[in-house]
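First up is the structure itself, then whatever we jot down about it.
The values are calculated or read from the model by the stated rules, or taken from the named source; none is laboratory data. Only a predicted model underlies this, so the values are computations on that prediction, with no experimental measurement involved. Cβ coordinates were reconstructed from backbone atoms using ideal geometry, including for glycine residues, and neighbour counts include every protein chain displayed.
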C-alpha cells in the first residue's frame, strides 16, 4: 500500500514535471487537462487493482455513504449554477472525480491497515522526493542562490525546482519536513539532520511566507506538545531564537533581506484579500449554501483578468466552490481524521503528536494558500494521501487489534 500510494503521487506530479522541464506552454491547452485526467484514471485503476487483489475486499459503508453525499452536494451546486450563470461542463468532470477520489482514497483504505514499518516506508518515499526536488533546485539555481541576498524584488526569482511554481514546491518541502520528523523520532539518525538543513535552505529560497510560518508553527507546537522532550526541545528552540536574533542584529543585510524579501510588509496579502472580497460578493449574489462550483469560480476570476488564478485560501475556495455544505462535509473529514490521530497517540504517542502538530500548521496554511482533498491533480492527491489516507490506514491497525 505505501508504494501504491506513492506511485499515485508521482503520477499526479508528472504533468507538472513535463511543464516545468520539457514543454513550458503545455499547461495552456486542453492536452494538459486530458493528461491530468488520464493519469487520474491510472491512479484509480492502480488503487482498484490493489483492492481487488488484496485479502480485504470490503469497505466501510459509512465511507461509501459519505462519498455519495460528498458528490451529490457538488452536483446540486452544478444544477443551481446552471440556472443562474453560464455552465462550465468541466464541473461535471469535477463531480465524478470527487466521487472516485473519495472512493479510492477513503472507501478502499477504510478496512485496510498498514504496519509501523509500512508507515515509515511511505515517509521515506516522501523524504526522498523532497530531497530529489531540493537538490535539483539547488543545482539548477546555484548561481542565483548565491546571489539571493542582493535581489531587489522577491518576485524576480522563482526557486521552484521542477514544480510549476514555488508554492507547490514549498508544499512538498513542508510535507518532507514532517515526514523526516517521523523518521528522526524513530531512529535518531544524523543524516536526517542533514535532510532538515537541505529542506530549510530550500524553504528559505522559495521565499514562501506561508510555508515558512507553517514550519515555525509545526516545530513550536511539536516542542510544546511533546512532553517527553519538552525541556530539551525548549532549550533547542530558545538557542535557535537567540542565535537568529544575534545573527540578524549583527548582519544588517540579512535583517533588511528578511524584512523586505521574506516578510514583505508592503505587499500585504499579495492580492489575496481583494480576491477574498470578490468571493464574498459572489456568494452574496448567488448562493451561500451550495456555492457556485469550483470550475465556475475559477472562470469568474479569469474573466476579471486577475494576476492570481485561484483564491489562495482553502476555506474561501471551498465556500465559493461548494458553499457552507461543502465546508461542513470537509469538517466532518477533518474531525474523523483528528479522532484517528488521537487513537494513534494512545498507542504510538510520537507519531500521534507529530501528526497533530502538522494538522495545526496545515489549518493555518489553509488560511492563505489553496489546498484541497479528494480532487483530481497533484495537490489534491498529495494532501489527501498524506493527511487522510495514511493516518486512516495506520489507525486501522490499532482498531483491529483492540477489536480482537
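Right, residue 212: over 22 Å from residue 127 (Cβ atoms), at pLDDT 60 or above, touching a helix residue (DSSP H, G or I) at 6+ places or on another chain (Cβ under 9 Å) and surrounded by 17 or more Cβ atoms within 10 Å (Cβ to Cβ) or not? Before the answer, list the steps.
Working: over 22 Å from residue 127 (Cβ atoms): no; at pLDDT 60 or above: yes; touching a helix residue (DSSP H, G or I) at 6+ places or on another chain (Cβ under 9 Å): yes; surrounded by 17 or more Cβ atoms within 10 Å (Cβ to Cβ): yes.
So residue 212 does not fit the description; no.
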*Given the conditions (1) at pLDDT below 90; (2) within 26 Å of residue 25 (Cα to Cα), which single one is not true for residue 173?*
(1)
*Among the residues of segment 32-72, how many are buried (at least 19 other Cβ atoms within 10 Å of the Cβ) and out of contact with any helix residue (DSSP H, G or I) (no Cβ under 6 Å at 6 or more places or on another chain)?*
2
*Please state which of the following conditions residue 156 fails to meet, knowing it meets all the rest: (1) farther than 28 Å from residue 380 by Cβ; (2) modelled with pLDDT under 85; (3) in a helix (DSSP H, G or I).*
(3)
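Here is a yes/no grid of residues against (1) part of a helix (DSSP H, G or I); (2) in contact with a helix residue (DSSP H, G or I) (Cβ under 6 Å, 6 or more places away or on another chain); (3) touching a residue at least 40 places away in the same chain (Cβ under 8 Å); (4) within 24 Å of residue 170 (Cβ to Cβ):
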residue: 95; (1), (2), (3), (4): yes, yes, no, no
residue: 121; (1), (2), (3), (4): yes, yes, yes, no
residue: 128; (1), (2), (3), (4): yes, no, no, yes
residue: 144; (1), (2), (3), (4): yes, no, no, yes
*Test set (1) surrounded by 15 or more Cβ atoms within 10 Å (Cβ to Cβ); (2) free of Cβ contacts under 8 Å to residues at least 24 places away in the same chain; (3) within 23 Å of residue 166 (Cα to Cα) - residue 24 fails condition number*: (1)
*If residue 289 passes every condition in (1) out of contact with any helix residue (DSSP H, G or I) (no Cβ under 8 Å at 6 or more places or on another chain); (2) surrounded by fewer than 18 Cβ atoms within 10 Å (Cβ to Cβ) but one, which one does it miss?*
(1)
_Could you check segment 180-209 and list, in sequence order, the residues that are over 27 Å from residue 118 (Cα atoms), surrounded by 21 or more Cβ atoms within 10 Å (Cβ to Cβ) and in contact (Cβ under 8 Å) with a residue 40 or more places away in the chain?_
202, 205, 206, 207, 208
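Determine, yes or no, whether residue 342 is more than 17 Å from residue 73 (Cβ to Cβ), in contact with a helix residue (DSSP H, G or I) (Cβ under 9 Å, 6 or more places away or on another chain) and at pLDDT below 85.
Values: more than 17 Å from residue 73 (Cβ to Cβ): yes; in contact with a helix residue (DSSP H, G or I) (Cβ under 9 Å, 6 or more places away or on another chain): yes; at pLDDT below 85: no.
In short, no.
Residue by residue through segment 35-72, note down the ones that are within 19 Å of residue 332 (Cα to Cα) and assigned to a helix (DSSP H, G or I). Working first, answer last.
Narrowing segment 35-72 to residues within 19 Å of residue 332 (Cα to Cα): 59-72.
61, 62, 63, 64, 65, 66, 67, 68, 69, 70, 71, 72 - these are the residues of segment 35-72 that are within 19 Å of residue 332 (Cα to Cα) and assigned to a helix (DSSP H, G or I).
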_The lone exception for residue 75 - which of (1) touching a residue at least 24 places away in the same chain (Cβ under 8 Å); (2) assigned to a helix (DSSP H, G or I); (3) touching a helix residue (DSSP H, G or I) at 6+ places or on another chain (Cβ under 6 Å) it fails_ = (1)
